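Colleague: What follows is a structure written as structure tokens; I'll ask about it next.
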Amino acid sequence: MSTLDALRQVPQIPQPRCLRCKHRHRPDLPCWKGTYRDGLTAMVLDQSRTCWICRGTASTADHIIPRAHGGGDEPENLRPACQRCNAARGTSPNPFPAEEPTPPAGVPLSPRWRRDER
């Protein structure tokens, strides 16, 4: 069983708010800010600069299972995302309910997550 499979079995109960950063995350995880966030984001963006939701240009690291729902900062739980998709998704669950967190190439994305071409 992979780490991601184990994380998916964690009940989706929101975590209490952190007293330091006021966000919801597991108590054993550091706050998602500063050099900790920047280092993990750089690691994710080194692998790919394509947003896993809209296929645009990624600038942030998105958690497949949000930290507020018990997800961790393991590389298997992080995907590159553009700021717009990451903010719009917030702490909602994975928009792609299949086993693979990212839809295969050629599969149309949900209209809700499709980037408007302007």
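The values are calculated or read from the model by the stated rules, or taken from the named source; none is laboratory data. This structure is a prediction, so every number in the text was calculated from the model and none was measured. Heads up, the Cβs are rebuilt from the backbone with ideal geometry, glycines too, and the neighbour counts pull from every protein chain shown.
Colleague: Test Asp62 against the criterion of being modelled with pLDDT of 85 or more, under 18 Å from Thr91 (Cβ atoms) and outside any loop (DSSP other than H, G, I, E, B), and give yes or no.
Modeller: Yes.
Colleague: Let me ask something else about it. Out of the range 45-64, which residues are over 12 Å from the mean Cα position of the chain (by Cα) and charged (D, E, K, R)?
Modeller: Within the range 45-64, Asp46, Arg49, Arg55 meet the criteria.
Colleague: If I ask for residues that are touching a residue at least 60 places away in the same chain (Cβ under 8 Å) and among the hydroxyl-bearing types (Ser, Thr, Tyr), which ones from the range 54-69 would you list?
Modeller: Residues satisfying the conditions do not exist here.
Colleague: Next up: Please go through the range 27-53 and give me each residue that is in contact (Cβ under 8 Å) with a residue 12 or more places away in the chain, over 20 Å from Gly90 (Cβ atoms) and of a type in the set (A, V, I, L, M, F, W, C), ordered by number.
Modeller: Met43, Leu45
Colleague: How many residues are at pLDDT below 65 and of a type in the set (S, T, N, Q) when one looks only at the range 84-102?
Modeller: Residues in the range 84-102 being at pLDDT below 65 and of a type in the set (S, T, N, Q): 1 in total.
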